[in-house]
Amino acid sequence: MTFVTRLTLQSGDRAALDGIVEDIKANAERKGAALKGPHSHPPKTFSVPQRCRLHADDDRQFATWGYTVFTRELEIHGHDSLARNIAEQRFPDSVHIEAEVEQIHGAGRGN
């Protein structure tokens, strides 16, 4: 049975995100792991209104605050120890990582 680990990395700091993705790719190549990606998603731009005061009757606002989130996805096929080491790694606070593990059964095997 094979495990596929899907890593989703998100950050507002594109340089930090790309640096971490390059480190993961280099580590996977060094270990000989089957790696798919990184797959880039279109950046998402968010805008957040900012009120001048917390009182509900006050409609005054500062300029909206806008920020962009960049997303990269990677898949590691097999190499469970490498995927575990990457998921347990400490990343900068500006980078968010999610790990999803899926078990793949071989052909002809019933559940």
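The values are calculated or read from the model by the stated rules, or taken from the named source; none is laboratory data. Keep in mind the model is a prediction, meaning the values are calculated, not measured. All Cβ positions, glycine included, derive from the backbone under ideal geometry; neighbour counts span all protein chains shown.
Yes or no: region 51-71 includes at least one residue that is within 17 Å of Thr5 (Cα to Cα) and in contact (Cβ under 8 Å) with a residue 12 or more places away in the chain.
The initial filter retains those residues of region 51-71 that are within 17 Å of Thr5 (Cα to Cα), namely 71.
Then drop every residue that is not in contact (Cβ under 8 Å) with a residue 12 or more places away in the chain, which leaves 71.
Looking through region 51-71, at least one residue is within 17 Å of Thr5 (Cα to Cα) and in contact (Cβ under 8 Å) with a residue 12 or more places away in the chain.
So, of the residues in region 85-98 that are at pLDDT 85 or above and among the aliphatic types (A, V, I, L, M), which turns out to be surrounded by the most Cβ atoms within 10 Å (Cβ to Cβ)?
Only one residue tops the list, namely Val95.
Take region 54-83 and flag every residue that is under 15 Å from the mean Cα position of the chain (by Cα) and either modelled with pLDDT of 85 or more or not small (Gly, Ala, Ser) (or both). Let's see the steps before the verdict.
The initial filter retains those residues of region 54-83 that are under 15 Å from the mean Cα position of the chain (by Cα), namely 68-76, 83.
The answer is Thr68, Val69, Phe70, Thr71, Arg72, Glu73, Leu74, Glu75, Ile76.
How about region 1-90: which strands (runs of 3 or more DSSP E) wholly inside it have at least 1 residues that are of a type in the set (D, E, K, R) and either over 23 Å from Glu102 (Cα atoms) or touching a Cys at 6+ places or on another chain (Cβ under 7 Å) (or both)?
Numbers: elements: 2-11, 34-51, 61-77.
Where strands (runs of 3 or more DSSP E) fall fully within region 1-90 and carry at least 1 residues being of a type in the set (D, E, K, R) and either over 23 Å from Glu102 (Cα atoms) or touching a Cys at 6+ places or on another chain (Cβ under 7 Å) (or both), they are 34-51.
Go through Ala63, Ala83, Ala99 for me and flag whichever is in contact with a Lys or Arg (Cβ under 8 Å, 6 or more places away or on another chain) and at negative phi. So that I can check it myself, show each step before the final result.
Details: Ala63 fails: in contact with a Lys or Arg (Cβ under 8 Å, 6 or more places away or on another chain); Ala83 fails: in contact with a Lys or Arg (Cβ under 8 Å, 6 or more places away or on another chain).
Result: Ala99 is the single residue among Ala63, Ala83, Ala99 that is in contact with a Lys or Arg (Cβ under 8 Å, 6 or more places away or on another chain) and at negative phi.
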